[in-house]
Structure formats: C-alpha cells, structure tokens
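Take a look at the structure set out below.
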Amino acid sequence: MSPSRATPATAATAATTTDWQSAPPESQGMQAAAVAETLQSGEGVPALRALLAARNGVLVAERYYGGARADELQAVQSVTKSVCSMLVGLALRDGRIRSLDETVAQLIPEAIAEVPGSPAAALTLGQILSGRTGLGFEPMRFRELAASRQLVRHVLSRPAEPVPPPGWSYNDAMVALLAPILSRAHGGENLSTIAERQLFMPLGIASHRWQRDRDGEPLAPGGLVLRPRDLLKLAAVMNDGGRWRGTEVLPEDWVADSLTSRGPATWRVRPVSEIGYGLLWFTGRLHGHRVAWGWGYGAQYALLVPDLKLVVATAATAPPPAALVAQNDAVMALVARLVQAAAG
C-alpha cells in the first residue's frame, strides 16, 4: 500500500501529556530476562520493524528493527478496520447512527439509489462489522479494490458471492462501505478527520497518514499509518474498557461488544487457538488466556490480554503472499512469549 496525504501534528500538546510512561518489566511483574530474550529474538525475523508491550498502563518493552525508529509511522494495514469499528462505536454513542440493525440502504440511501439492485442494500451494519455478510471477497484483491474509480458504486455493484459455513468472510469490499457510512453520519467529514478529532487527539496521537481511494477518500479496510506506540494505545484503550489513563474514550459496552466473538473465523495463526471474530476484532486464546487483536497484513498486531492487563503491538513489512503465513506465525510467536513473561 502507498499511504498518502500526511496529517499535520495538530495534537502535539496532547501528545506530551498522554504518551507512554516507561518502566522496567520487572516493576510490572514481568520476567525481565524473558522479555529481553524475546526482544533479542525479534532480530531473527527479518520483516519485523517494531515490538512493544505495556502492562498496567506502563510501557515495559520497546524495540525497533531493520533501521526503524520510534518516531517513524508504520502501516498498520487491516488494523484500520478495528479503528473504524471504534469510530462506529462513537457514532452510536453520539446518536449519529441509531443501531447495528440499520441496513446499508438506510445508512447511505443516496448511494443505494444509484445501484438499486445491490446485494449489499439489505445488509446490516452489524453483519459488516462481524464478518457475517454471507458474501465473499478475496483478501489479496485489496489493491484492485483501492484502485477502483467510484469505489462505493463499484462495491455496491459487485455480484453476490455466497460463502460456505460457518458464514464468516473477510470482506474488504463490504468494510469499504464504512467510509461513506461514517462520513454521511458526520455530515460529510472523512474518516481521517473523524478519527483525528474523536479518537486520536484524546489519545495524544499527534500524526498519522491514511491511504486514499481514487476519489480522494480514506479507505476503511486498510491504509492507516501510525507510530507503533500509538498502535499500542489503541489496544490499551480496548483493554481498559474504553479508557485511557482513567478517562473514557470509548463506551465500555461498545468495547465489550466488540471483543465478544460472534462465531468462529476461518483464519489461523499459531499458537492462538479458538479464533473467532467480534466487531472487526479477532478473538481467541493464547497460552490459556483470552485475547483479542487487530490484525493487519504481514503481522501488524494490536493485541490485548485483559486478565494480564497486557497489550502488545507489532509492525512488520508486507511480505509476498507465499510468505504470509510463516511471517504471521513468527511474529505471533514473539507476542506469545511476552504473554508468557507476564503470566509468570
């Protein structure tokens, strides 16, 4: 992906007061030697660019690889979807969207009027967020989707591609509709502006980039670029019931709903088991602990472990499709070692 259009650092003041506080891992009950060994092992994963962990709201592990820097923005790929889910939660809180039962036809009626027979028209917002649209899409076609002219019309014009049981599908095309849905709910503002005002500024996220479609609109399925420290903040907010340093950023009930599996997902990454899907967040178990994570192409992870008060964020370069599974597993293995270091 080729991110474009940098967003100025309009939240610089907030960043100085809401960035991470750091401490040695042992001060937060983590095995210091295990943490150090895990960070060193990251050197053996050539694509890895960042590995960070925080416990009890304190940054306890941080290392960059391959020449990456702490202040460098990294593509989070499909973790963008999880961020869009957070924005939906805020729109529901503010009454801009009434419920997850609203259909695409109700949410973007003007667009549907141009494609009246669209298979997407009757889908609910909840179906899109939970990956239960019943419609398929090949994930490796994201670039083709992003390059489409009149993206919304292109998506709505797609023929139905039914998926087999259990009915879950990772559908970038349907998730792309969140951009016009949220924009319409906010009076025409785009995703980047909405996220900056409602989510990034309260977290002290001072800068970001967001890939645009051919019409100049930020993409919902992927394209967000953040500092790894800021990706870690998003996981931390979800891990603390929507709060950042005691201040509510997201509604607690929305966070709980987002992290509750709606059923199994077909994707796998070792050593996570029982993989399911909430509202654009993956769910599962890792070494016996319930986890949830945003998952971007090439092992961009924003993972939370509620019972350990632990969050982990990673950044990596995008691999060719043939190397994807191995890279996902290699980076998740490092994440799992940090979970073990916290579990004792």
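Computed from the coordinates by the stated procedures, all read-outs in this text should not be read as laboratory data. All values derive from a computational prediction rather than experimental measurement. All Cβ positions, even for glycine, are placed from backbone atoms using ideal geometry, and neighbour counts span all protein chains on display.
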Prolate/oblate/rounded call for the stretch 6-150, Cα gyration tensor, a/c under 1.5 rounded: prolate
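Averaging sequence separations of C-alpha pairs under 8 Å and six or more residues apart, then dividing by the length of the stretch 266-342, give the relative contact order as a whole percent. Mind dumping the intermediate values first?
On the way: 120 pairs, mean separation 19.6, N = 77.
Over the stretch 266-342, the number comes to 25 percent.
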Leading residue at positive end of dipole, the chain (Cβ point charges), from 246, 58, 316: 316
Gyration tensor (alpha-carbon) shape descriptor, the stretch 46-90, a/c threshold 1.5: oblate
Whole-angstrom gap from the stretch 76-140 to the stretch 201-274, using each part's C-alpha centre: 16 Å
Exposed-site-free run, longest, the chain (rule: trypsin sites (Lys or Arg not before Pro); DSSP loop; at most 13 other C-beta within 10 Å): 269-344
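Relative to the present Cα-Cα distance, how much length would full extension add between residue 270 and residue 197 at 0.36 nm per residue of separation?
Working: separation 73, 0.36 × 73 = 26.28 nm, distance 3.64 nm.
Extra length available between residue 270 and residue 197 comes to 22.6 nm.
Could you state, as a whole-number percent, how many of the C-alpha pairs of the chain are farther apart than 38 Å?
Numbers: 6178 of 58996 pairs.
So the portion of pairs separated by more than 38 Å is 10 percent.
Starting from the Cα gyration tensor of the stretch 159-294, take the square roots of the eigenvalues, sort them a ≥ b ≥ c, and report rounded, prolate or oblate (rounded when a/c is under 1.5, otherwise prolate if a/b is larger than b/c, else oblate).
Numbers: a/c = 1.87, a/b = 1.14, b/c = 1.65.
Taking the square roots of the gyration eigenvalues as a ≥ b ≥ c, the stretch 159-294 is oblate.
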Residue of 263, 187, 241 that the Gaussian network model of the chain assigns the largest fluctuation, springs spanning Cα pairs under 10 Å: 187
Percentage relative contact order, the chain, counting C-alpha pairs under 8 Å, at least six apart: 25 percent
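With +1 on each Lys and Arg Cβ and -1 on each Asp and Glu Cβ, and nothing else charged, work out how big the dipole of the chain is about its Cα centre, in Debye to the nearest 20. Spell out each step's value before the answer.
Working: 32 positive and 30 negative charges, 53 e Å.
I would put it at about 260 debye.
When Lys and Arg each count +1 and Asp and Glu each count -1, what net charge do the other residues less than 9 Å away from residue 277, Cβ to Cβ, add up to?
Numbers: positive: 132, 262; negative: none.
Computed value for this residue: +2.
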